[in-house]
Each structure stands twice: as structure tokens, then as C-alpha cells.
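Some notes on the structure that comes next.
The values are calculated or read from the model by the stated rules, or taken from the named source; none is laboratory data. Given the structure is predicted, the values throughout are model-derived calculations rather than measurements. Please note: Cβ atoms are built from the backbone with ideal geometry, for glycine as well, and neighbour counts cover all protein chains shown.
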């Protein structure tokens, strides 16, 4: 057995947004809160911990305002440096979804993977960018990801990232499987009334079709823009499509699951979807 214990952090924004000073104070509270979650995770034997989409602040893409570009940072940067120390201290893989400034005018919704030595294994840039006003103005802030669908070799397993809106697109989910992912993390910011009924359906289907675990993380609470309540319900689903653990829909918490990565191989042998693929018949999809 190749057991690994993973932790998913669902948290709420408690800061203000009326001024830069309020925002910076709130960001510091969020960073400190997540450091506390890392300490809790370490005390409970968690080996991989993943935070929610844009974890350091509110879901600012609920409005269009250029002030938020001031809170993007390059990689490595202050946030990655800060959590790298915790990753090394606890021999933990830490997954950080942040707002990246690659260079002036080039911004991405990016997830950073820190390995157990505190080094950056790699980054994933969200590929599918929603724009569904009012409430979701992501194209105002983020360029579509340009790094494809990489899988990262960490101390505890092969990790893929598929961020929030990405989960509605099976093509990238399949590529992550073909690239060898054992666990795919989906950090999200999702409110009630958008895709509640799809939250477990789609990602359970990805897990079954591709023979990997999916760990889905969603924030909780209400935020200042009145776009609805973030409903948490973070969960882990195994390659059989079975929900292993699921968090509450309203409470901040660390959702923990111990999984056996050998199941990914067992399921691929039991359901030989990869063997029976017919990629030579799929070319038409490129023309549609």
C-alpha cells in the first residue's frame, strides 16, 4: 500500500475591501490563518495540504477594479517564501493557489506546488477562464494558462492541478491522467446557484474515467459583493467514484483523508479505459 494523508483547507474571508489598508490587513489575517491550518495539518499527520483558489484574499474577481493588480506577486515571492519554510519544517507538500504577475500586464490565476524541502516543484496556470457577469469577471484579471496540464512529481505522489472552472472541461482532465496524475487537486471559489449539482458529479466522473483521486476544495462564507454564499463541501473522491470524505457547507475546517495511491493502478487494470482508447478516431474534435 502507498498510503498518503491529504488535507483540504476551506476558509472564509474576514477582512474589509473598502481600502487598500483594509485589504492588506485582511490578507495578513488569511495568511496567518492558513499557517495555523498547516500547523494543525502537521499535528494530524497530513503529508499534502491544498488551499482554496486565490486563498490569500477574497474572491476579488467578483468585481472589476484595477486596484487588485497591486496584490499580485511574482513567483517566487513573499507568499511562496513564507509557506516554503513551513513545507520544509513539516516535510509537507503545500499547494498554494495565488494571483501571479509574470510581468507587467501578464497576470495568471496560478497554483504553486511546494515540495517537502520547501522548493517549488512547479506551477499550474488556470487554463479555462470564466466570464459570467455579474459576479465572475476573471477575464478582466487573468490570461488563460500557457503551461498545459503538467503533472508534478512530489515526495508523496504525482500531483495534477485543475483549477475551479477547469473542472467543466473533460479534455484537460484526461490529459492529466495520460500524464500520470495520481491525485488531481481542484482549488475552487464556487457559490450556491451556479453548479451545486455538478460539484461532486463532474469530478467523480473525472476520477472514474481517468483512474485517479480528485481532491476538490471550495471556500466558505459570504463576501462583500453579494454574489452568493461559497458553500465549502470540500471532498476527496477515489478512482471508483466513491466519496472518501466531505466537509461541511458553511464551516472553516481542515478536511482530511488517508488514501492508497496503489488504487490508481488497480483501477486502471480493472477498468482498462486507457488500453481501449482510440485516439486515432478523435481527430475531429480538433476541428470542431
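Of the residues in segment 258-281, none is within 20 Å of the chain's Cα centre (by Cα), under 30 Å from residue 17 (Cα atoms) and not in a loop (DSSP other than H, G, I, E, B). Among the residues that make up segment 228-238, is at least one of them touching a residue at least 40 places away in the same chain (Cβ under 8 Å), out of contact with any helix residue (DSSP H, G or I) (no Cβ under 9 Å at 6 or more places or on another chain), part of a loop (DSSP other than H, G, I, E, B) and under 14 Å from residue 203 (Cβ atoms)? Looking through segment 228-238, at least one residue is touching a residue at least 40 places away in the same chain (Cβ under 8 Å), out of contact with any helix residue (DSSP H, G or I) (no Cβ under 9 Å at 6 or more places or on another chain), part of a loop (DSSP other than H, G, I, E, B) and under 14 Å from residue 203 (Cβ atoms). If a residue must be under 30 Å from residue 274 (Cα atoms) and out of contact with any strand residue (DSSP E or B) (no Cβ under 8 Å at 6 or more places or on another chain), how many such residues does segment 211-234 contain? Going through segment 211-234 one residue at a time, the tally reaches 1.
Restricting attention to segment 108-131, the residues that are surrounded by fewer than 19 Cβ atoms within 10 Å (Cβ to Cβ), part of a strand (DSSP E or B) and without any contact (Cβ under 8 Å) to a residue 40 or more places away in the chain total 2.
Counting only residues that are closer than 16 Å to residue 231 by Cα and over 17 Å from the mean Cα position of the chain (by Cα), how many does segment 167-194 have?
Count: 3.
Tell me, yes or no, whether segment 56-78 has at least one residue that is at pLDDT 95 or above, within 21 Å of residue 257 (Cα to Cα) and in contact with a helix residue (DSSP H, G or I) (Cβ under 7 Å, 6 or more places away or on another chain). Within segment 56-78 (the criterion being at pLDDT 95 or above, within 21 Å of residue 257 (Cα to Cα) and in contact with a helix residue (DSSP H, G or I) (Cβ under 7 Å, 6 or more places away or on another chain)), the answer is no, since none of the residues qualifies. Applying the criterion of being free of Cβ contacts under 8 Å to residues at least 40 places away in the same chain, touching a strand residue (DSSP E or B) at 6+ places or on another chain (Cβ under 9 Å) and not in a loop (DSSP other than H, G, I, E, B) to the residues of segment 63-98, the residue that is nearest to residue 37 (Cα to Cα) is 87.
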